[in-house]
Each structure stands twice: as C-alpha cells, then as structure tokens.
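Have a look at the structure below before the remarks.
Read-outs throughout are calculated quantities, based only on the coordinates presented, and are distinct from any laboratory measurement. Nothing here was measured: the structure is a model prediction, and the numbers come from that model. A quick note on method: Cβ atoms are made from the backbone with ideal geometry, for glycine too, and the neighbour counts reach across all protein chains shown.
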Amino acid sequence: MSTYKQSIPQADTLMGSMRSMGYSFEAAIADVIDNSISANCRLVKLFFPSEPTDELVVGILDDGEGMSADALFEAMRYGSTDSELERRDNDLGRFGLGMKSASLSQCRILTVVSLHDGELSSYSWDYNCIQESKEWIVKELSQSEIKSLPHIHYLLELPHGTLVLWQDFDVLEKSSGGMVYDTLIELQDSVANNIALIFHNFLTAKGKEQVKIYVNNGRIKPKDPFLESHPKTTTKKERSIAIRDSKGQERQIWVKPYILPYAADLNDEHKRLIGGIETLRIKQGFYVYRNKRLIIWGTWFGMKPHGELTKNARVRVDIPNSLDDIWSIDIKKQTASIPKQIQRQLRQTVIDAMDISIKKQTHRGQIGRASCRERV
C-alpha cells in the first residue's frame with residue numbers, strides 16, 4: 001500500500017532559485033505597487049538614496065489599509081494566496097508570490113512594516129540568514145527595531161499603511177561593479193517611466209479612484225499610449241467578447257482599437273505621453289490590461305508582424321483577474337497568451353486596426369508627395 005511523506009523544499013535552495021526568476025528592477029517595483037493598490041491606497045511614495053552618504057535602501061510606502069501582525073505574517077509567507085480562490089475585483093496579485101519573489105530578486109533583505117488600527121508590526125526575510133540556517137525563518141522585529149528603520153517616520157505620519165524596504169543589493173553590486181548608489185540614481189528615471197505607463201489608469205482616475213505616486217519628491221506624470229485626448233486620434237467602438245473561465249463561468253473582456261495621429265501632428269507633450277516617437281514601431285500592437293493595470297504591450301501575439309505602416313495601431317484589451325489562467329498570466333505579470341477560443345475575433349480587430357493605420361500613413365504620404373510637386 002502506498003504512503004505519503006511530507007517533502008519540504010530546502011529553504012536556501014528554493015529561495016535562491018526564485019531570486020533568479022528574471023525580474024527587472026522596474027518590474028519588481030511595480031509588483032510591490034500592485035499590493036499597495038490592492039490595499040486601496042491613494043498614495044504611494046518611493047524613496048531612493050539622494051546623496052552618496054545615504055544608506056543604500058529603497059523604500060515603497062503606501063497609505064493603504066495596512067495589516068495586522070497576523071495578516072502581515074501570512075502575507076510574508078511564500079504562496080500566501082491561493083490563485084484559484086475568488087479574489088476581489090481590484091486584486092492585482094498573482095500566486096501569492098509577487099512581493100517576496102520580486103523584492104528578493106533585487107536585494108537580500110526584505111523588510112515590511114505595517115500600521116493597522118494604531119498598531120505597528122514588521123517582519124523581515126534575510127537571505128543571508130536563510131543560507132545559514134537553511135530553514136524558512138522570517139524575523140519578527142521588535143518595536144524599537146521598527147522605529148529605527150529607514151523612512152519609518154513617513155509611515156508614522158499616516159493613519160494606516162505599509163512600508164516595504166529593500167536592503168543589501170547584491171544583484172546591482174555585481175552588475176554595476178560595486179557602484180550601487182550610482183545605479184540606483186540612474187534607475188529612478190526608468191522606474192518612473194515604467195510606472196507612468198503601466199499604472200496610467202490609476203494616475204489619471206478621478207476622485208477616490210486616483211492614486212498619486214511619487215519618486216522621492218517628484219510626482220509621476222501619467223503616460224497615455226493611446227493619446228485619447230488628441231483630436232486626430234482615430235478610435236473604433238469598444239466591444240465586448242464573452243469568454244468562459246476555467247470554472248465555466250462566462251466573463252467579458254473589452255476590446256477597443258486606436259490609431260495614433262501622424263508624428264507631424266504631435267507636439268512635445270503628446271510625444272512625452274506616448275513615451276517618444278523614436279520607438280513607435282516596437283510599441284504597436286496589443287495593450288493588455290488586467291484590472292486596469294497594463295501587463296503586456298507592444299506585441300501582436302504572432303497574428304501580424306510589426307510594420308512601418310502599422311506603427312500607429314494599438315488595440316486595448318481589458319481582462320479581469322478571474323481569467324488569469326485562461327490568458328496564462330505568469331507570476332511576474334509580464335507574459336500572457338491569447339486564449340484560442342477568442343483568437344479569431346481578435347484577429348479581425350487587428351486586421352481592421354492595421355487597415356486604418358495603413359490608409360492613414362499612405363494618405364499622408366500621398367499628400368506629402370503632392371505638396372512637393374506643387375512646390376516644384
């Protein structure tokens with residue numbers, strides 16, 4: 001008769017493997033911000049060192065609901081959320097691994113402090129200790145230790161919220177030849193640009209739905225990959241496509257094509273909003289949003305090749321988190337695939353958007369050539 005035996009993964013080996021999942025620094029920061037938004041925050045502040053003498057630490061602060069000590073302990077557990085359970089509509093998490101795996105892909109020490117109902121609690125993962133003990137040991141900080149943490153005074157000024165701290169940047173130290181401070185300074189701009197794009201729906205929302213995000217003292221201005229306010233942007237009617245989730249329940253995704261204006265019709269602000277015109281060609285394609293958060297962009301998913309005449313074509317797709325498995329959303333929320341059951345419907349949307357883009361580009365070229373002949 002067969003028997004079952006418990007087989008617990010060795011902590012240092014598994015954690016070390018998960019640190020090499022391929023997160024970029026920018027994607028790791030975004031994964032932590034996902035947790036902040038899921039906690040109904042209205043404010044996120046990122047802290048980077050600003051002077052060479054500053055402690056080498058990156059902080060992510062939010063004014064979300066915060067967590068009790070028990071809730072925080074559970075949140076620090078690897079696999080703390082069952083991805084198959086029904087989640088809140090605004091939940092941006094995936095697999096219960098994001099904050100831990102993303103953070104520890106960039107640093108060796110992750111500390112999380114939360115303020116909830118007037119009580120402070122904090123836990124820390126230290127990969128150095130994990131390597132030494134080879135056990136899943138998370139450190140609970142005392143109140144005196146908490147109050148000596150970097151940037152803690154910003155959290156204490158809030159009625160509730162959470163502060164995430166990254167320390168001991170071994171990955172950056174190796175890749176930069178020890179120039180961690182200089183690299184963190186350089187990363188501020190790329191982090192801000194990434195946030196401005198993938199969270200633009202939250203940055204531009206109205207009222208209580210809006211989230212303000214700062215890098216040090218600078219407020220991040222949102223980007224707009226579709227230039228919806230530009231009078232020469234061509235938009236097609238949004239339509240819904242029904243799709244069944246893995247449990248057989250019918251869900252809706254929303255699809256809307258856009259064709260950007262010709263480059264000559266864009267001023268400096270428009271160019272900033274779309275992240276510059278130099279890379280328009282590689283930015284064409286689907287823009288897939290999961291609970292309003294951009295996860296995939298700049299790909300046609302193999303339906304059509306990138307072309308010069310179609311560089312202004314964009315197709316926005318909004319999906320709920322209940323379709324994560326159907327779309328094969330990965331842990332990092334950076335890859336996905338179109339479900340076969342809706343590929344045909346989306347392919348026609350792509351063809352229509354490309355046709356409009358080609359006609360606009362061709363028409364513009366004909367006008368330009370005609371103007372040249374008139375001048376001659």
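How would you order 3-15, 266-278 from highest to lowest mean count of nearby Cβ atoms within 10 Å? Mind dumping the intermediate values first?
Details: 3-15: 10.2, 266-278: 14.4.
Going by the mean number of other Cβ atoms within 10 Å, highest first, we get 266-278, 3-15.
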Exercise. Full extension from residue 345 to residue 254: what is 0.36 nm times the residue separation minus their Cα-Cα distance, to one decimal in nm?
Worked result: 31.6 nm
Seminar exercise, completed: Against the 2.2 N^0.38 Å rule of thumb, the C-alpha Rg of segment 185-271 sits at a ratio of 1.41
Seminar exercise, completed: The long-range amide H neighbours of residue 299, using H built 1.01 Å from N in the peptide plane and a cut-off of under 5 Å, are 286
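Can you tell me the length gained on complete extension of the stretch residue 133 to residue 13, counting 0.36 nm per residue apart and subtracting the Cα distance?
Fully extending the segment from residue 133 to residue 13 adds 42.0 nm.
Quick one: compute the contact order of the chain, relative version, from alpha carbon pairs under 8 angstrom and 6+ residues apart, as a percent.
15
Show that you can apply the helix-only estimate: for the chain, add -39,500 (n - 2.57) for every DSSP H stretch of four or more residues, divide by all residues, and state [θ] at 222 nm to the nearest 500. The partial results should precede the final answer.
Working: 13 runs with 127 residues, N = 376.
So the helix-based figure for the chain works out to -10000 deg cm²/dmol.
Which whole-number percentage describes the relative contact order of segment 265-343, with Cα contacts under 8 Å and a sequence gap of 6 or more?
27
Based on alpha-carbon positions alone, could you give the equivalent ellipsoid semi-axes of segment 193-239 from the gyration tensor, as √(5λ), descending, whole Å? Don't skip to the end; give the middle numbers.
Working: eigenvalues 114, 32, 16 Å².
Computed over segment 193-239, the values are 24, 13, 9 Å.
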Exercise. Where Lys and Arg each count +1 and Asp and Glu each count -1, what net charge lies around residue 199 among other residues with Cβ under 10 Å from its Cβ?
Worked result: +2
Problem set entry | Relative contact order (percent, whole number), segment 170-267, Cα cutoff 8 Å, 6+ residue spacing | 17
Problem set entry | Highest-MSF residue in the chain out of 64, 207, 98 [GNM, Cα springs under 10 Å] | 207
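So what is the orientation-averaged projected area of segment 149-302, using the convex hull of its C-alpha atoms, in nm²?
Directional mean of the projected Cα hull area for segment 149-302 stands at 14.3 nm².
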Seminar exercise, completed: At R0 = 30 Å the Cβ-Cβ FRET efficiency linking residue 119 and residue 26, nearest 0.05, sits at 0.35
Exercise. Between residue 335 and residue 263, how many nm apart are label points set 7 Å from Cα along the C-beta direction?
Worked result: 3.2
